[in-house]
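Colleague: Got a structure for you, written out below as structure tokens; questions coming shortly.
The values are calculated or read from the model by the stated rules, or taken from the named source; none is laboratory data. Keep in mind that this is a model prediction, so the values were computed, not measured. Using ideal geometry, Cβ is built from the backbone for each residue, glycine included, and neighbour counts are taken over all protein chains shown.
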Amino acid sequence: MKRNRDLISSLSWIVVGLLFCVRGGEYGFLHLGTLGPGFFPFTAGLILVFLSLMLLFSSIRRKIGDDESIREKRFFPERNSWKRLLLALLSLLAYIFCLKYLGFLITTFLFMMFLLRFIEPQKWVTVLVAAILTSTISYIIFRLWLEVQLPRGILGL
Amino acid sequence: MDLLNNLYMAFHIAMEPSNLFICFIGVLIGTLVGVLPGLGPVASISLLLPITFTLTPVQAIIILAGIFYGTQYGGSTTSILVNIPGEAASVVTCLDGYQMAKKGRAGPALGISAFGSFFGGTFTVVMLMLLAPPLVGFALRFGPPEKASLMFFGLTMVTYLSGGSMIKALMMASFGLLLGCIGNDVMTSLPRFTFGFLQLGDGLGIVPVVMGLFGISEVFLNIEQSLGKREVVKTRIKDLFPTRQDWKDSAGPIARGSLIGFFIGLIPGGGNIIPSFISYALEKRISKHPERFGTGEIRGVAAPETANNAGAGGTFIPLLTLGIPCNATMAILLGALIMHGVTPGPLLLKNHPDLFWGVVGSMYLGNVMLLILNLPLIGLWVQVLRIPYPLLFPLIFLFCLVGAYSLHNSIFDMIIMIIFGVIGYFTQKFQYDASPLVLAFVLGPLLEEALSQSLVLSGGSIIIFFIRPISAIFLIISFFFLLSPVLLKLSKIVSTAK
């Protein structure tokens with residue numbers, strides 16, 4: 001239900017706002033006759049907390065007079081949505097991790113293979129061809145043409 | 001005459017071979033991005049920011065601007081042919097455009113939409129050219145308090161006009177302000193919220209944040225569902241040209257669409273999406289046959305298409321003349337300018353006339369290029385639509401990763417981008433709009449600086465914002481809009497109590 005989502009999000013924002021407020025407070029409000037480093041974050045954090053409280057109250061209030069005929073979309077449209085998302089996220093993190101060791105070319109190749117096969121499975125031929133093409137073409141474009149200093153792995157690639 | 005001199009300079013710069021080429025690349029990418037659903041102008045501008053580093057500031061703005069108004073052209077192609085809007089401002093075009101395509105009139109629809117876009121786009125460039133110098137003259141009298149109030153006004157309007165709950169939009173804006181505080185404080189050079197990470201000294205960086213919020217999160221949202229194949233309308237596109245009657249019918253809508261687009265694009269938060277809806281509604285309202293709208297009425301295509309292009313051009317004006325971005329896209333361009341060492345603001349025209357007029361000139365040329373690209377090359381774009389998303393999204397990921405890395409050759413930026421990808425995903429899921437966040441993130445440090453300077457000027461007194469007339473006006477209007485929901489509720493309570 002919408003109120004649940006708003007409840008969760010407003011609570012999270014309250015925490016975020018408070019964190020900034022507290023930290024901002026430590027930085028000091030005044031400095032040489034004008035705003036200190038802490039003023040702006042503290043105020044913005046305070047506003048965030050205040051607004052989140054408003055959202056929190058309105059979402060609680062809606063619970064009491066709830067109109068169930070307005071059903072909301074499920075959070076994950078499909079049953080294995082969260083699996084795909086998690087895989088995508090992990091693949092991104094894995095890419096970053098492997099980049100240092102395996103270098104750009106190999107990491108990109110593995111990355112493309114993984115995404116093409118495990119998120120929305122394509123035929124193996126497509127996967128291999130696409131992975132090889134993308135990694136080599138992007139290598140040529142980024143490393144050789146644009147001269148971006150992409151990490152080289154242990155193989156020097 | 002000054003104007004002629006400026007025009008001469010504008011075209012002289014815009015027609016330099018390298019700038020011309022860059023403009024062409026920009027509008028080409030823009031059209032491509034506009035055609036492909038799932039990748040909007042904000043996302044693609046974010047993705048291509050890193051590439052602009054190797055360019056001069058003029059070229060950077062030329063290409064980014066080209067992408068932006070290019071997407072307005074491309075988006076209509078898919079709206080008409082496949083009933084899928086390439087991006088938000090083309091949603092309205094689906095209503096009548098697709099109906100026309102089903103009746104075999106895709107050609108005239110595409111033709112009129114391209115021409116309307118051209119007219120709208122060119123109109124606003126002309127207005128930009130005419131209005132900029134006087135606007136700038138006015139803005140040069142702005143001191144820190146006026147700048148601060150203007151930024152506050154911009155933020156307020158964007159939150160007011162953003163879809164969905166205003167509270168949530170304000171929350172996003174506050175969060176954006178907070179994120180802008182991360183980094184070394186401008187006035188004291190002391191690190192704030194950096195938690196010991198030296199790389200955060202200059203702040204989070206607009207590029208990783210924006211690439212994550214719009215690029216990565218968009219992919220996350222798309223891959224939640226199984227990705228089937230897209231079907232393209234099978235009708236052959238014969239008769240690319242609209243009939244004489246079509247032209248006659250469209251003249252009025254195009255003219256009105258241009259004006260609506262321009263004026264609304266000018267207002268902070270107006271953007272180019274709202275004008276498309278408003279002009280469609282207007283045409284329907286004043287038409288003698290409102291029942292025809294939605295069944296394939298060419299006016300329903302001409303008006304919104306013109307309006308969204310005019311609106312896109314209009315949003316440039318506050319950025320280029322006052323240095324105030326009015327929507328997320330302009331905020332990103334502002335960030336790009338700052339990164340290139342150009343300080344936007346009223347002094348832009350004075351200090352970097354080549355940048356200003358070069359961009360103006362290339363906007364003229366860009367619109368011409370787009371007209372040519374969009375008419376004969378329609379068949380090409382239709383083929384592009386056949387690229388399946390499962391193949392596309394890994395490329396988008398790769399692009400984002402390399403782009404983020406290439407900023408400072410740092411893996412850290414990639415991590416920031418991914419974090420904001422996750423944040424962006426959740427904010428969309430919990431129904432928050434990310435535009436106010438981006439605007440606040442970019443404006444935050446500038447606002448803080450302006451506030452500080454104002455207080456130095458006034459010796460610590462807040463009254464200064466209210467005593468100086470221009471600043472006071474901005475603040476009054478802002479508070480009016482901020483409080484309007486509350487006022488509305490109060491008036492309802494009062495009227496039901498009677």
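Colleague: Suppose the filter is within 23 Å of A:Pro151 (Cα to Cα) and charged (D, E, K, R); does A:Lys100 pass it?
Modeller: yes
Colleague: Step by step: first the residues of region B:428-477, then only those that are in a loop (DSSP other than H, G, I, E, B) and under 27 Å from A:Arg5 (Cβ atoms), then the one that is nearest to the other protein chains (Cβ to nearest Cβ). Which residue is that?
Modeller: My answer is B:Phe430.
Colleague: B:Ala440 is checked against (1) surrounded by 24 or more Cβ atoms within 10 Å (Cβ to Cβ); (2) small (Gly, Ala, Ser); (3) at pLDDT below 85 and fails just one. What number does that condition carry?
Modeller: Result: B:Ala440 fails condition (3) only.
Colleague: Tell me which of these B:Ala89 doesn't satisfy, since it passes every other one: (1) among the aliphatic types (A, V, I, L, M); (2) at pLDDT below 80; (3) under 30 Å from B:Pro353 (Cα atoms).
Modeller: Every condition holds for B:Ala89 apart from (3).
Colleague: Moving on. Residue check: is B:Pro134 free of Cβ contacts under 8 Å to residues at least 24 places away in the same chain, surrounded by fewer than 21 Cβ atoms within 10 Å (Cβ to Cβ) and of a type outside the set (Ser, Thr, Tyr)?
Modeller: For B:Pro134, the condition - free of Cβ contacts under 8 Å to residues at least 24 places away in the same chain, surrounded by fewer than 21 Cβ atoms within 10 Å (Cβ to Cβ) and of a type outside the set (Ser, Thr, Tyr) - is met.
Colleague: Among the numbered criteria (1) at pLDDT 80 or above; (2) surrounded by fewer than 16 Cβ atoms within 10 Å (Cβ to Cβ); (3) under 30 Å from A:Gln149 (Cα atoms); (4) among the hydrophobic types (A, V, I, L, M, F, W, C), which one does A:Ile8 miss?
Modeller: Condition (3) is where A:Ile8 drops out.
Colleague: If you take the residues in region B:156-205 that are charged (D, E, K, R) and part of a helix (DSSP H, G or I), which one is nearest to A:Ser10 (Cα to Cα)?
Modeller: B:Lys168
Colleague: For region B:328-363, which residues satisfy the criterion of being closer than 19 Å to B:Gly215 by Cβ, touching a Ser or Thr at 6+ places or on another chain (Cβ under 9 Å) and touching a residue at least 60 places away in the same chain (Cβ under 8 Å)?
Modeller: The answer is B:Ala328, B:Thr329, B:Ala331, B:Ile332, B:Ala336, B:Met339.
Colleague: Output the number of residues of region A:22-42 satisfying the condition of being more than 7 Å from every other protein chain (Cβ to nearest Cβ), at pLDDT 80 or above and crowded, with 19+ Cβ neighbours inside 10 Å.
Modeller: Summing the residues that are more than 7 Å from every other protein chain (Cβ to nearest Cβ), at pLDDT 80 or above and crowded, with 19+ Cβ neighbours inside 10 Å in region A:22-42 gives 4.
Colleague: Further question: Name the residue that is nearest to the other protein chains (Cβ to nearest Cβ), counting only residues in region B:364-423 that are over 30 Å from B:Val209 (Cα atoms) and not in a helix (DSSP H, G or I).
Modeller: The residue in question is B:Arg386.
Colleague: Mind listing whichever residues of region B:56-76 are touching a Cys at 6+ places or on another chain (Cβ under 9 Å) and of a type in the set (A, V, I, L, M, F, W, C)?
Modeller: Result: B:Ile62, B:Ile63, B:Ala65.
Colleague: May I pose another question? Taking the condition of being part of a helix (DSSP H, G or I) and over 11 Å from the mean Cα position of the chain (by Cα), how many residues in region B:288-318 meet it?
Modeller: 15
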